[in-house]
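Colleague: Mind looking over this structure? Questions follow.
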Amino acid sequence: MTQTVQDLSIDETSSHQLTAADRCDSCGAQAYIRATMASGELYFCAHHGAEFKDKLAATAIEWHDESSRLHESK
């Protein structure tokens, strides 16, 4: 069974919130997205998360997305 992007669990309430210490595996920027794969976790900034989401959808177990925090007013 393959998953589509729409089938991914978008989790914004995980007990492990991403922090400034979590870095994008592609560019080193602050990570706002954690993709849980069978082999481990991948961390992405909002830009790279959007870029790779369609490619990873078929194999991702969970897609934890906190990119909405970029638009919060302080």
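The values are calculated or read from the model by the stated rules, or taken from the named source; none is laboratory data. As the structure is a prediction and not an experimental result, all values here were calculated from the model. Glycine gets a Cβ as well: all are built from the backbone with ideal geometry, and neighbour counts include every protein chain shown. These accessible areas exclude ligands, DNA and RNA; they are computed on the full protein's heavy atoms, side chains included. Shrake-Rupley method; radii C 1.70, N 1.55, O 1.52, S 1.80 Å.
Colleague: Out of 57, 46, which single residue is more than 14 Å from residue 16 (Cβ to Cβ), at pLDDT below 95 and open to solvent by less than 50 Å² (accessible area, probe 1.4 Å)? Walk me through how you get there before you give the answer.
Modeller: Details: 46 fails: at pLDDT below 95.
So the residue among 57, 46 that is more than 14 Å from residue 16 (Cβ to Cβ), at pLDDT below 95 and open to solvent by less than 50 Å² (accessible area, probe 1.4 Å) is 57.
Colleague: Let me ask something else about it. Could you check region 26-55 and list, in sequence order, the residues that are among the hydroxyl-bearing types (Ser, Thr, Tyr) and farther than 19 Å from residue 72 by Cβ? Let's see the steps before the verdict.
Modeller: Within region 26-55, the first condition is being among the hydroxyl-bearing types (Ser, Thr, Tyr), and the residues that meet it are 26, 32, 36, 39, 43.
Result: 26, 36, 39, 43.
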